[in-house]
Each structure stands twice: as structure tokens, then as C-alpha cells.
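The values are calculated or read from the model by the stated rules, or taken from the named source; none is laboratory data. Computed from a prediction, not measured in an experiment: that's the story for all the values here. Quick reminder, even Gly has a Cβ in these numbers, built from the backbone with ideal geometry, and neighbours come from all protein chains shown. Please note that ligands, DNA and RNA were not included when accessible areas were found on the heavy atoms of the full protein model with its side chains. Shrake-Rupley method; radii C 1.70, N 1.55, O 1.52, S 1.80 Å.
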Amino acid sequence: MSKIYDVIILGGGPAGLAAGLYCGRYRLDTLIIEKGKDGGQIAITNEIENYPGQMVEGESGPSLIARMSEQVKKFGAERITDVIKSVELEGDVKKLVGGQGEYLAKCVIVATGAFPRPIGCENEGRFVGKGISFCATCDANFFEDFEVYVVGGGDSAVEEAMYLTKFARKVTIIHRRDELRAAKSIQEKAFQNPKLNFLWDTVVESVDSTDGEDGLLNTMVVKNTKTGELTTINADEDDGLFGLFGFIGLLPKSELFRGVLDMDERGYLLTDANMHTNIPGVFAAGDVRDKAFRQVVTAAADGAIAANQAEHYISNLH
């Protein structure tokens, strides 16, 4: 018969690792299942400035996650690399079926995260962390006094663009339509901001660097959606680079739980303040759940709360 863990944690990002750390300290028999590298979105962030207690002299996403992983290891959580294909979450014993085998646990913490919807331009992957970003709060400081472009037209895109004007000398919103989708109150503020500019009816076709494969983003081609006209935009010669931020939505990694766990229309898992889902013994933490603010610090807090609630749940099992 397969081993029954106290807790299985799905995901090795900040929420999952924090949950693993706390579960280990609670002396719960814990398994963390991650399909790839630890870290989630933070693993592709070159520099971090806003995580409490980080190395002040300089911190990268990978270095922060490496230390989190070591903490989890210290407190004894088992680790497995696998892709979960199906779940059975009802009842006292939960079953997860992966490519490498089946896993059983008394409770499950879902910390599968979310990922930014890609901008969809050629060469995009090459420049994530080298000019392309999906988090203004994380990366705005690195573009102080530079030019920045923001792709999107909804509330988040316009709000983040206005936030970026506190750092960049010029911010241009690139929107595929001729009017914003953001709330009118947000639009009014945006149109009054002297640092904000707009490229209407435009999409980004490709991005590149004139400095070769390892260079920073400093050139892109945009297309007018009505005329088809292509325009090349180059960084200011004195700058040598510009920022391109994508805010066209996040995609939660929740497909596995569709029809099993309650979620909103976008696919985010619904929980209460203590990370409880609609199924007893199943918790969700981090970016996969419906929440207002998605940061490393809030994901870690979610993970700690979920672990605490898992401990209470297991203690009350008969």
C-alpha cells in the first residue's frame, strides 16, 4: 500500500516552499511535488529589492529561492519532481496521480501559482528579465530615468503604467484598440499624467537587441492593427535599453482542479482568509488563489497560513 503523507504540497514557488517549511516545523510528514525548478515566477526575476530580510547588497530571484529551498530541506520535507495528471480530493485520504506514480495524503496544499499571459511577440522569451517584465512593483526601480513601454489597456495595465511614471522618464501604453478598457476613473487619471503617452491600434510584433544574443532589449517592431504598417522603435542611444512591461492578464495554473475546486470565472481558486477551499483538507496558497496583491511576501504568508490550517485539520482527524 502507498505511503500516506500528512501533507502534499503542489508547487515549489514561494507559497509552496513556505508551506513546506512550516509543515516541517510542525513535524508533519510532508511531500512537495514540483514539475520543474523551484521558484515559479520569481525564478526568472534577476533582481529583488522588496522582500523583507533579503540580502540588501543584492538579491536575485534564484538566490532567494535557493535559500528558501535549503530551509525546507533542513526541516525534512520530501521532494519529488513529477507532473500531476489527475486528483481525487474528497474523503479523508486524498490521491494525486502523476507521471511517476500515485501519491496519498491526509491533506493537500495547492500552490501551483499563476503565470503572466505572454505579450505574444517574436523573441519574447529571450528578453524576460533582460528588458521584458510582468511586474512593475518588482522591477520599476531598474528603469529609473529610462523609457518604458506597457502592453495592455485594462485596469491593471493603466494602473501599473501610472506607477511606472514614478520611475521612468517616459511611459508609453501600447494598446491594440483605439480606446482603453480600464475604468473611466482610472482613464481620467492616466490622461492627466504628463509622463504617459499612448500608441493606439498597435501590437508588438518582435523584440530584439542590437548587442547580440546576450544583449539587453533595445529595439522592437510594432504593427498598426488597422493599416498593418510596421514601425521600428529603438532605445535612445544614451540609454542603450528600454523596458517593456506586459499587463494583459495572468493565467492561473488551476486547470487540474476545474470541476473539483471552486474557482472564479478566470480560473483562480476561491478560498477564505485561512486558505480553505470548498473541500475539507484542501487548501490553496499563493498566486493560484483569488487575491488582490500577488508578491513573494504575500505568497509566503499564504503558504504559512495554509500549513498552520493543515496542522489544525490533521490534529482534528479521528
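Those residues that are among the β-branched types (Val, Ile, Thr) and not in a strand (DSSP E or B), I need them from the stretch 176-203; list them, please. Once the filter is applied, which keeps residues that are among the β-branched types (Val, Ile, Thr) and not in a strand (DSSP E or B), the stretch 176-203 yields only Ile186.
Filtered by the rule that a residue be open to solvent by less than 10 Å² (accessible area, probe 1.4 Å) and either free of Cβ contacts under 8 Å to residues at least 60 places away in the same chain or over 27 Å from the mean Cα position of the chain (by Cα) (or both), the stretch 21-32 gives Gly24, Thr30, Ile32.
For the stretch 260-281, the set of residues classified as in contact with a strand residue (DSSP E or B) (Cβ under 7 Å, 6 or more places away or on another chain) and among the hydrophobic types (A, V, I, L, M, F, W, C) consists of Val260, Leu261, Met263, Leu269, Leu270, Met275, listed by residue number.
Which one is farthest from Ala140 (Cα to Cα) among residues in the stretch 180-200 that are without any contact (Cβ under 8 Å) to a residue 24 or more places away in the chain and open to solvent by 90 Å² or more (accessible area, probe 1.4 Å)? Break it down into steps so the answer makes sense when it comes.
Of the residues in the stretch 180-200, the ones without any contact (Cβ under 8 Å) to a residue 24 or more places away in the chain are 184-185, 188, 191-192, 194.
Narrowing further to those that are open to solvent by 90 Å² or more (accessible area, probe 1.4 Å): 184, 188, 191-192, 194.
Details: Lys184: 25, Glu188: 22, Phe191: 20, Gln192: 21, Pro194: 18 Å.
Selected residue: Lys184.
Kindly indicate whether Leu244 is out of contact with any strand residue (DSSP E or B) (no Cβ under 9 Å at 6 or more places or on another chain), at pLDDT 95 or above and under 26 Å from Gln295 (Cβ atoms). Steps first, answer last, please.
On the way: out of contact with any strand residue (DSSP E or B) (no Cβ under 9 Å at 6 or more places or on another chain): no; at pLDDT 95 or above: yes; under 26 Å from Gln295 (Cβ atoms): yes.
No, not satisfied.
When residues in the stretch 282-318 are screened for being under 16 Å from Leu28 (Cα atoms) and either in contact with a strand residue (DSSP E or B) (Cβ under 7 Å, 6 or more places away or on another chain) or in a helix (DSSP H, G or I) (or both), 16 of them pass.
Would you check which residues across the stretch 147-157 are more than 19 Å from the chain's Cα centre (by Cα) and either over 24 Å from Asp238 (Cα atoms) or open to solvent by 50 Å² or more (accessible area, probe 1.4 Å) (or both) and list them? Walk me through it before giving the result.
Kept after step one, since they are more than 19 Å from the chain's Cα centre (by Cα), are these residues of the stretch 147-157: 147-149, 153.
Matches in the stretch 147-157: Gly153 only.
Scanning the stretch 228-253 for residues that are in a strand (DSSP E or B), within 23 Å of Asp145 (Cβ to Cβ) and of a type in the set (A, V, I, L, M, F, W, C) gives Ile233, Leu244, Phe245.
Pairing residues of the stretch 262-285 that are at positive phi with residues that are of a type in the set (S, T, N, Q) and outside any loop (DSSP other than H, G, I, E, B), at Cβ distances under 7 Å and at least 6 apart in sequence or on separate chains, gives Met275/Gln309. Out of curiosity, is Ile173 without any contact (Cβ under 8 Å) to a residue 40 or more places away in the chain, part of a strand (DSSP E or B) and among the β-branched types (Val, Ile, Thr)? Answer is yes for this residue. If you go through the stretch 215-233 and keep only what is surrounded by 12 or more Cβ atoms within 10 Å (Cβ to Cβ) and more than 11 Å from Val203 (Cα to Cα), you end up with Gly215, Leu216, Leu217, Asn218, Thr219, Ile233.
Given the structure, is Ile132 of a type in the set (A, V, I, L, M, F, W, C), buried (at least 20 other Cβ atoms within 10 Å of the Cβ), at pLDDT 95 or above and within 18 Å of the chain's Cα centre (by Cα)? Yes: the conditions hold for Ile132. Condition check for Arg294 on (1) touching a helix residue (DSSP H, G or I) at 6+ places or on another chain (Cβ under 9 Å); (2) open to solvent by less than 20 Å² (accessible area, probe 1.4 Å): one failure, at (2). Taken together, Phe142, Phe115 contain a single residue that is closer than 30 Å to Gly281 by Cβ and surrounded by fewer than 18 Cβ atoms within 10 Å (Cβ to Cβ), which is Phe115.
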